[in-house]
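Take a look at the structure below.
Read-outs: derived from the displayed coordinates by stated rules, not from any lab. Just so you know, these numbers come straight off a predicted model, no measurement behind them. Every residue, glycine as well, gets a Cβ built from its backbone with ideal geometry; the counts of neighbours run over all protein chains shown.
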Amino acid sequence: MQFSCPLHSVFDDCGQLILVISPSDTSVMASLMRFEKEDKSWVKIGPTHPVNLGKNGLAWGKGLHSRKPGAQKKEGDHKSPAGLFRFGTAFGYAPSEEVSLKLPYLPITETQICVEDSKSQYYNQIVDETQVVKDWDSRESMLRKDAQYKWGIFVKHNTPAELEGGSCIFFHIWRAPGSGTLGCTAMTEENLLALMQWLDPQQKPLLMQMTAKDYQRYRKKFSLPDL
């Protein structure tokens, strides 16, 4: 496995690290851990907690890492993206004035969607469908009846978007333990809120989501936390 040189500066600049570690690339269940950098050492924040991945496990996504051999994340494959990623906007059903986060926050309305059609100029973006000219055939409503998007965070996978590379990858509330997602990472509302309140863009937080075996290769090279 090869690593691109810019990753050294990514890890040097990173002050908050989120690990989502899966036992295998076919597992639905994984574990999430949070770390903060103190001087040059990583300090664990809070307990490890369970998360759900895609129904079909993991496939390498498009993020800060170089391309890896093996299964690659594709639109509609029901796999969560493996790799290194930044976070985008937090979102939720609460109005902005009721929310205090360091992350940018988008209050969800009934007209907001995430575009899943890779031929659209808005592919892999959350947009208000009343404010743009429709050029898509498939999209997901952000205001769900099951409230899984009551709170969430956009994961910067496949940004800028490549054709059929996968879209609308979020951290969101799970349906139940072990219930696979369509490609997102899901957890309890309590754990998600704790993560959202902790994340600070100024700390350049980094998400590492992958199997334990793949993580160990990064850990040794970049002096990352031991599992």
- Per-residue HN-Hα couplings for segment 71-87, Karplus 6.51 cos²θ - 1.76 cosθ + 1.60 at θ = phi - 60°, whole Hz, x for Gly and Pro? 4, 10, 4, 10, 4, x, 7, 6, 10, 7, x, 9, x, 10, 9, 8, 9
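In deg cm²/dmol, rounded to 500, what helix-only [θ] at 222 nm does the chain give when every DSSP H run of at least 4 residues adds -39500 (n - 2.57) and the total is split over its residues? If you can, show how the numbers build up before the last one.
Working: 3 runs with 29 residues, N = 227.
Value at 222 nm, helices only: -3500 deg cm²/dmol.
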- Which ³J(HN,Hα) values in Hz, rounded to whole numbers, follow from the phi angles of segment 103-117 under the Karplus curve 6.51 cos²θ - 1.76 cosθ + 1.60, where θ = phi - 60° and Gly and Pro get x? 5, x, 10, 10, x, 7, 10, 5, 9, 8, 9, 10, 7, 9, 8
- Ranking A71, P50, L163 by how far each Cα lies towards the positive end of the charge dipole of segment 6-222 (+1 on Lys and Arg Cβ, -1 on Asp and Glu Cβ), the top one is A71
- Query: Leaving out same-chain residues fewer than 8 places away, which aspartates and glutamates sit with a Cα under 20 Å from that of K79?
  - Reply: D25, E116, D117, E140, E162, E164, D214
- For V155, the residues 5 or more places away or on another chain with a placed amide H closer than 5 Å to its own amide H are G88, I169, F170, F171
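As a quick test, which of the pairs K74/K204; K40/K204; K44/K220 have an alpha carbon distance above 21 angstrom in this structure?
Numbers: K74/K204 27 Å; K40/K204 15 Å; K44/K220 18 Å.
Over 21 Å Cα-Cα: K74/K204.
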- Query: Which value, in debye to the nearest 20, gives the size of the charge dipole of segment 6-222 about its Cα centre, when Lys and Arg are +1 and Asp and Glu are -1 at the Cβ?
  - Reply: 1000 debye
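Which whole-number percent is the relative contact order of the chain (Cα, under 8 Å, 6+ apart)? Kindly include the intermediate steps, with their values, before the conclusion.
On the way: 531 pairs, mean separation 60.7, N = 227.
Over the chain, the number comes to 27 percent.
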- Quick one: if the Förster radius is 30 Å, what FRET efficiency do L193 and D128 give, using the C-beta to C-beta distance and rounding to 0.05? 0.75
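Dipole of segment 181-227, Cα-centred, from +1 at each Lys and Arg C-beta and -1 at each Asp and Glu C-beta, to the nearest 20 debye? The partial results should precede the final answer.
Numbers: 6 positive and 5 negative charges, 96 e Å.
Here the size comes out at about 460 debye.
Using the beta-carbon distance between S179 and T89 and R0 = 30 Å, what value does 1/(1 + (r/R0)^6) give for FRET efficiency, to the nearest 0.05?
0.75
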- Note on the structure: Classified through the alpha carbon gyration tensor (a ≥ b ≥ c as square roots of its eigenvalues; rounded if a/c is under 1.5, else prolate when a/b is larger than b/c, else oblate), segment 1-138 comes out oblate
- Message: If I build a Gaussian network model for the chain, linking alpha-carbon pairs within less than 10 angstrom, which residue out of K156, K74, K40 has the largest mean-square fluctuation?
- Response: K40
- For segment 176-227, with the dipole built from +1 on Lys and Arg beta-carbon atoms and -1 on Asp and Glu ones, taken about the Cα centre, which of G180, Q203, P225 lies farthest toward the positive end? P225
- Taking amide hydrogens as modeled 1.01 Å from N in the peptide plane, which residues meet the under 5 Å criterion relative to T211, leaving out close sequence neighbours? S22
- Query: In segment 6-222, what % of DSSP beta bridges are antiparallel (nearest 5)?
  - Reply: 65 percent
